[in-house]
Amino acid sequence: MNELATVVDWSRLQFAMTAMFHWLFVPLTLGLSVIVAVMESIYVSKRTEAWKAATKFWMRLFGINFAIGVATGIILEFEFGTNWSNYSWFVGDIFGAPLAIEGLFAFFLESTFVAVMFFGWDKVSAKFHLTATWLTAIGASISALWILVANAWMQAPYGMEFDPAQMRNVMTDFWAIISPVAINKFFHAVFSGWTLAGVFVVGVSAWFLFRRSNPGFAIVSIKTGASIGLLGMILTMWTGDGSAVEVSRTQPMKLAAMEGLYDGEFGQSLVGVALLNTAKQPGDSLDAFHFSVDIPKGLSVLARHDMNAFVPGINDIIAGVDYDSDGKQVNTVSYAERIVRGKAAHESLRQYDIAMAAKDTAAMAEAKASLMADYPYFGYGYFDKPTDAVPPVALTFYSFRVMVILGGYFLVWLLFALWAAAKKPALLRNNRLVQWILILSVPLIWICSEAGWIVAEVGRQPWTIQDLLPVGAAISDISSSSVILSFWLFAGVFTALLAAEVSIMIQSIRKQTRETMPEFPESK
């Protein structure tokens, strides 16, 4: 058991590390591709060399980031086979479909036209080159769509049926896997990428102003980056509201962990700032917080768009208690019963296997009927007690607040940057404090982005597939020493890749600060 626990923990840690390194590059690719396409569209419209030079500069930074992102993404997909082979067997037909589409169509589109982007200047017409740039941006987003469809399916599985003869799930409806959860997750991720790239462009442009280099280029870039970043932030907040509704509907335990909520109420308040009591456990009498500042009825509005709605807490969900919009108690299946029925499903599957080996069709049919009746709780059969299905509350709770607080900060930050670039460019050119604030804020947008992924992924633990397969049953049959060794190897490789990207980007930015770019007529 100790060996199994070690393999599970290190496999989770390795996958988390790979995903978080990969997510350093993905949102910048998504957002910067759009900013580059917008800038090139302006260049094709105005035919000014200044816009062409600006497009080429940001395109170069996009290319550096794109290359590193591809490398980490390939390793991430390989880990499903190396570290999570039981998962891959259990749902490979379903999970693999969107990933195959992403590789065969979206990534092919993206990688084909990126070559035209970088090497097609003066070799193809300006309009064809612009088309290639936009197709690269669209391809990046379509690529993200199919990956996020696969991820969303893990959070809320649809469109499949368990086949006991194969002991795996098979797809029954391809289009069902493109669920409201998936669509909302896609737009939330893409729009947050616009925000991150906008902040990046503003911060790098502020460095040009700090170095007194190409101020016209810097001001125009701030205006463009802040515009797209602000639009992205507004849309991210809108899709964030949709995410809260979907999480409330499909993953109420995640929502309870996000709020540190143990006992729900009608008109449930939203925790603004708080210090969580980490000693608190489900079912005990300890207070959930040492202190908290709440927004009255805020969580009811956020989760159910009804200021008086009941939002269940961890204890309520474990007990199987909820209330409908009329205030009437709705008894869901308690976690204790889910565990019993999950173990019954496991036993029915064993009986089916025995009957199949004996070619007893009547016993097979009986066992399958029992299995299907309990299959919705199949994953709970791996647990010994209800609290095994509760995610890490503290990490989920604090990550959610980091994301929200920094999101609010960047909403104001982008509004200021856009206003200053449009109305007070002299403030940006001459005020060193403003320049430093813009520059030093750039790392914070990555912290905000990573915090969002921590909420999404840690909040659904211990599941790889919600309610069907926990992490302990999804791993490969490998030794802990091999996982630990590969973890440190990957950590070294990813750190080297990140250092290489940062170094190459800094060199590219520094080189451009030493060169004079064409002047923008609109910046004079």
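The values are calculated or read from the model by the stated rules, or taken from the named source; none is laboratory data. Predicted model only: the values in this text are computed from it and were never measured. Backbone-built Cβ (ideal geometry, glycine too); neighbour counts: all protein chains shown. Ligands, DNA and RNA are stripped out before the accessible areas are found, and what is left, the full protein with its side chains, is counted by its heavy atoms. Shrake-Rupley method; radii C 1.70, N 1.55, O 1.52, S 1.80 Å.
List of remarks:
- Candidate set from region 279-300 (those that are of a type in the set (A, V, I, L, M) and touching a residue at least 24 places away in the same chain (Cβ under 8 Å)); member that is most open to solvent (accessible area, probe 1.4 Å): 295
- Looking across region 305-326, the residues that are at pLDDT below 85 and open to solvent by 40 Å² or more (accessible area, probe 1.4 Å) come down to 323, 324, 325, 326.
- Any chance residue 69 is in contact (Cβ under 8 Å) with a residue 24 or more places away in the chain and closer than 28 Å to residue 466 by Cα: yes
- Among the residues of region 261-294, just one is assigned to a loop (DSSP other than H, G, I, E, B) and of a type in the set (Val, Ile, Thr), namely 278.
- Selection within region 152-181: residues that are without any contact (Cβ under 8 Å) to a residue 40 or more places away in the chain and not aliphatic (A, V, I, L, M). The member of this set that is nearest to residue 367 (Cα to Cα) is 163.
- Across region 355-398, the qualifying residues are those that are outside any loop (DSSP other than H, G, I, E, B) and among the aromatic types (Phe, Trp, Tyr), and the one among them that is nearest to residue 260 (Cα to Cα) is 397.
- Residues in region 415-432 that are at pLDDT 95 or above and surrounded by fewer than 20 Cβ atoms within 10 Å (Cβ to Cβ): 415, 416, 419.
- Residues satisfying the stated conditions in region 261-273, i.e. under 25 Å from the mean Cα position of the chain (by Cα) and surrounded by fewer than 24 Cβ atoms within 10 Å (Cβ to Cβ): 270, 271, 272, 273
- Among residues of region 124-135 that are in contact (Cβ under 8 Å) with a residue 40 or more places away in the chain, those with a Cβ under 9 angstrom from a residue that is open to solvent by less than 30 Å² (accessible area, probe 1.4 Å) and not in a helix (DSSP H, G or I), sequence gap 6+ or separate chain, pair up as 129/120.
- Qualifying residue in region 448-460 (condition: open to solvent by 50 Å² or more (accessible area, probe 1.4 Å) and assigned to a helix (DSSP H, G or I)): yes
- Output for region 290-345, where each listed residue is within 30 Å of residue 368 (Cα to Cα) and among the basic types (Lys, Arg): 338, 341, 343
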